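The values are calculated or read from the model by the stated rules, or taken from the named source; none is laboratory data. Since the model is a prediction, treat every value here as computed from it, not as a measurement. Positions of Cβ are generated from backbone atoms using ideal geometry, with glycine treated the same way; all protein chains shown enter the neighbour counts.
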Amino acid sequence: MDKNQTPIYTGDIAAEHIDPTREYTTENQEINFSNEQHAIWADLFAGVHQPYLLEHLCREYTRGLELLELDPYRIPTVTHLNGRITPRTGWHIERTVVRYTLADDWYKKFGQRIFLITDYLRTRDQMEFTPEPDMFHDIFGHLPFLTQKFYADIEDKFAPAYMKATQEEREVIKRLAWYSTEFGLVVQDNRFKVFGAGIISGRKELTRTIMEFYRLGRDNAIDYTRPIFPQLNAHFQANKTNLHRIIDGVNALHQKGQMSSADEGWNVVLSLYKNLGIKQEGMFGGEVIIAPFDIETIARIPKTVYAFNPMLFVCESLEQMDKLLDSYLKPIAMRN
Ligand SMILES: [Fe+2]
């Protein structure tokens with residue numbers, strides 16, 4: 001890409017051609033960050049590390065965040081991260097110059113239990129939203145989980161299936177990873193809790209997601225004094241046809257490249273209710289749609305980068321997530 005050209009994100013991040021000689025080796029993983037980069041890290045950290053936000057994150061994340069012992073004021077070294085992660089789960093962190101890895105390369109590393117982190121940190125004008133996963137996303141969003149065995153087990157499922165999958169199945173696998181580890185929700189203590197690293201590492205996305213939890217209660221769509229998952233599931237079953245119409249609408253916008261700028265992507269769901277004549281109430285009352293983690297539905301919605309992810313999928317527990325992922329991934333991984 002021409003250096004002076006502003007990248008246009010159409011919803012897919014284009015493959016970036018990098019000079020392989022610039023890639024990090026096992027010996028030179030560490031970077032001397034500027035004071036400004038450490039200051040950006042500190043502001044991003046403080047933006048999310050707030051009690052009124054942390055209470056909405058799943059407990060495995062907050063546990064892992066303590067174990068990772070991140071410095072709120074300084075970007076951690078790879079040595080620090082591996083020191084906290086490798087003894088616990090056997091995973092390794094490696095630095096890469098690639099800003100957005102192609103899935104095939106990514107899964108090859110994944111198969112070796114190597115989690116790549118980019119060397120790119122967002123700039124001051126991208127504090128609220130960055131379409132690219134940057135260092136803050138990779139480290140703050142994912143790595144607390146990688147201290148946890150259950151998460152390492154979940155991550156272990158994807159690569160073996162991906163390697164044996166057909167091209168069509170690979171698309172589904174990418175979506176399953178996207179709507180679980182990046183944008184998944186889970187029920188804990190009879191509340192919706194945030195699981196996905198893509199939500200956790202974006203203050204705006206996180207607060208909007210939490211606002212939807214409250215909106216569901218305020219509009220009497222969910223009664224939090226009763227078990228919430230069966231209620232959500234009942235809404236989903238009753239509204240499947242309209243949900244699929246909305247997904248088709250999202251897909252159409254995505255194909256036209258209208259899903260991924262802050263101006264066009266926010267509140268895309270609100271305009272779809274209007275255009276499709278769907279009454280703005282119940283599970284369709286907010287800026288984001290929350291539905292159970294239904295593989296058939298997830299397979300219909302593209303893995304792509306949204307300014308604001310329009311749809312979030314919930315598992316009844318992390319054990320259920322494990323089982324649902326296995327139901328799709330295991331038969332593929334076990335092929336000869
Ligand atoms: Fe990620």
Asp105 passes all but one of the listed conditions (1) surrounded by fewer than 14 Cβ atoms within 10 Å (Cβ to Cβ); (2) away from the ligand (no atom under 16 Å from the Cβ); the exception is number (2)
Matching residues in the range 179-237 - criterion: being closer than 16 Å to Ile289 by Cβ, away from the ligand (no atom under 16 Å from the Cβ) and not in a helix (DSSP H, G or I):
Phe192, Asp219, Ala221, Ile222
The lone exception for Asn82 - which of (1) free of Cβ contacts under 8 Å to residues at least 24 places away in the same chain; (2) part of a helix (DSSP H, G or I); (3) under 19 Å from the mean Cα position of the chain (by Cα) it fails
(3)
Please tell me if Phe213 is closer than 23 Å to Leu143 by Cα and among the aromatic types (Phe, Trp, Tyr).
no
Return the pair list, or none, for Cβ contacts closer than 9 Å from residues in the range 313-336 that are closer than 29 Å to Phe284 by Cβ to residues that are of a type in the set (Asp, Glu) and surrounded by fewer than 20 Cβ atoms within 10 Å (Cβ to Cβ), at least 6 apart or on different chains.
Phe313/Asp294; Cys315/Asp322; Leu324/Asp294; Tyr328/Glu169
By residue number, the members of the range 296-333 that are assigned to a loop (DSSP other than H, G, I, E, B) and either of a type in the set (D, E, K, R) or modelled with pLDDT of 95 or more (or both) are Arg300, Lys303, Glu316, Ser317
Given the condition away from the ligand (no atom under 16 Å from the Cβ) and over 22 Å from Tyr328 (Cβ atoms), answer yes or no: does some residue in the range 155-164 qualify?
no
Test result for Glu132, within 15 Å of the ligand (Cβ to nearest atom) and not in a helix (DSSP H, G or I):
yes
Is it the case, given these coordinates, that His56 is modelled with pLDDT of 95 or more, within 18 Å of Leu81 (Cβ to Cβ) and out of contact with any Cys (no Cβ under 7 Å at 6 or more places or on another chain)?
no
Note on the range 132-145: residues crowded, with 19+ Cβ neighbours inside 10 Å and either modelled with pLDDT under 90 or over 27 Å from Arg22 (Cα atoms) (or both) are Pro133, Asp134, Pro144, Phe145
